């Protein structure tokens, strides 16, 4: 960061280009995935299984699949994490990616798995 001011950092993150915002959408990997791939974090993608580590007590500890990723806000919608509206309907509640831990990766994208495996090979 170029500035130590919080408002300048928030502005820089809000006005960042999409390729920078996409990289900010990463979460920690679970211990077994960390041992398998040799990396600490990975970008959250649709189809990953995640657990909510932080937040209100009604959503904390919830585990579910990622339904949608909002790169503009840096948040993720997780299956089972909902909030009730005034009329009683349940709506998906977005959770910030830093409050999640990835427990199972979506392995449909071979490039993603290959790039994570290459990181482990490069470190050895």
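Tell me the mean residue ellipticity at 222 nm calculated for the chain from its helices only (DSSP H runs of n ≥ 4, each -39500 (n - 2.57), averaged over every residue, nearest 500).
Value at 222 nm, helices only: -8000 deg cm²/dmol.
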**Q.** Calculated diffusion of the range 1-59, Stokes-Einstein form, Kirkwood radius summed over Cα pairs, 37 °C and 0.692 mPa s, µm²/s
**A.** 234
Q | Sorted by Cβ neighbour density within 10 Å, fewest at the top, the residues 78, 95 | A | 95, 78
Q.
Order these by the 10 Å Cβ neighbour count, fewest first: 52, 76.
A. 52, 76
Q. Taking the chain as a Gaussian network, where each spring joins two C-alpha atoms under 10 Å apart, which residue of 23, 46, 11 fluctuates the most?
A. 11
Q. Quick one: Kirkwood hydrodynamic radius for the range 30-124, alpha-carbon pairs, angstrom, one decimal?
A. 14.3
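Answer rounded, prolate or oblate for the range 41-95, using the Cα gyration tensor with square roots of eigenvalues a ≥ b ≥ c: rounded when a/c is under 1.5, else prolate when a/b is larger than b/c, else oblate. List each step's numbers first, then the result.
Working: a/c = 1.96, a/b = 1.47, b/c = 1.33.
Prolate is the answer for the range 41-95, as a/c is 1.5 or above and a/b outweighs b/c.
Taking the number of other C-beta atoms within 10 Å as the exposure measure, put 96, 19 in order starting with the fewest.
19, 96
Bear in mind these aren't lab numbers, they're just calculated from the coordinates by the rules spelled out. Everything quoted here is computed from the prediction, not taken from an experiment. Every residue, glycine among them, receives a Cβ derived from its backbone with ideal geometry; neighbour counts consider all protein chains shown.
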